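The values are calculated or read from the model by the stated rules, or taken from the named source; none is laboratory data. On a predicted model such as this, the values are computed, not experimentally measured, just so you know. Please note: Cβ atoms are built from the backbone with ideal geometry, for glycine as well, and neighbour counts cover all protein chains shown. What goes into the accessible areas is simple: the full protein's heavy atoms, side chains included, and nothing from ligands, DNA or RNA. Shrake-Rupley method; radii C 1.70, N 1.55, O 1.52, S 1.80 Å.
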Amino acid sequence: TYETFAAVADKRFEGTLRGTLTVTGGCGGMGGAQPLAVTLNGGVCLVVDVAEWRLRRRVQTRYLDELAPSLDVALSRCLAAKAAGEAVSVGLVGNCAAVLPELLRRGVEIDIVTDQTSAHDPLAYLPDGVDVDGWDDYAATKPEEFTDRARESMARHVEAMVGFLDGGAEVFDYGNSIRDEARKGGYDR
C-alpha cells in the first residue's frame, strides 16, 4: 500500500503527498494500511469506515492518528493539516455511499480518492441507511434484498468517485470489484 501511494506521489505530486488530501473507504483488513501509507508519504488521509471498532483498533495500533466525531470536525482537521503540509490521518465513522457524495456536493478539494471496502462480496458491504448492529442479521435473513441495497449504495459510492475523477483527482480502487458491483447496482459509467 505504501508503494501504491508512493507511485501516485511520483506520478502526480512531484514525489510527495505533502499538501494533499486522500479520501478512502475501508479501514479493516488490508484497508487498515491506507492511513499509515498516506502519512508515510507525507499526506493527509481521511478514512471512512462503517465500524467504529475498526477505526479505534487502527488508532491503538498507530496505523491511524485520530478519530473525528463528525464530518465537519474531520474536514476541519484534514484541511488545516493539508494547508500546513502536515502528515496526519483522521478516521470517520460513516458510509462512503453517503460521505463521498456529500464531500463532492460541498466542493471539497480532494487530491486522491480510493477505496478498499469489502465490495467483492455485497453481503460484506453495508448499505447506506442500514445500522451496523443489524448488519449480520439482515444479510443472513434477506440476502437478496441486502445485496440489492448494497449494490445501490456502491453505485452512489462509485458515482461520487467518478465525480472526483472528473474534477481532476487521482482515483483508483484496489481490485475489490466495487466498479462491477456498482454497475450491477445501476451505475453504468
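See the values below:
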read-out	value
Charge tally in the Cβ shell below 11 Å around V59, where Lys, Arg are +1 and Asp, Glu are -1, V59 excluded	+2
Highest-first arrangement of 18-28, 48-58, where packing means the average Cβ count within 10 Å	18-28, 48-58
Computed FRET value (nearest 0.05) for D131 with R189, which takes r as the C-beta separation and R₀ as 25 Å	0.25
Choice from G134, G91, G163 with maximal GNM fluctuation in the chain (Cα, 10 Å cutoff)	G134
Portion, in percent, of the accessible area of the chain that falls on carbon or sulfur, probe 1.4 Å	47 percent
Solution diffusion estimate, µm²/s, Stokes-Einstein, the range 89-189, Kirkwood Rh from C-alpha pairs, 4 °C, viscosity 1.567 mPa s	94 µm²/s
Degrees separating the helix 143-166 axis from the principal Cα axis of the chain, which is the longest one	30 degrees
Efficiency of FRET between K11 and T61 - r from beta-carbon atoms, R0 41 angstrom, step 0.05	0.90
Those lysines that a straight Cα-Cα span of less than 24 Å connects to K142, excepting residues fewer than 8 apart in one chain	K184
Surface per residue (accessible, 1.4 Å probe) for the chain, Å²	47 Å²
Shape metrics for the range 1-148, restricted to C-alpha atoms - Rg then Dmax, Å	15.4, 50
In sequence order, calculated HN-Hα J values of the range 21-36 (Karplus, 6.51, -1.76, 1.60; Hz; x Gly/Pro)	10, 9, 10, 9, x, x, 10, x, x, 5, x, x, 7, 4, x, 5
Longest to shortest principal axis, alpha-carbon extents of the range 73-121, angstrom	39, 22, 19
Candidate lysines - alpha carbon under 29 Å from K82, same-chain residues fewer than 8 apart omitted	K11
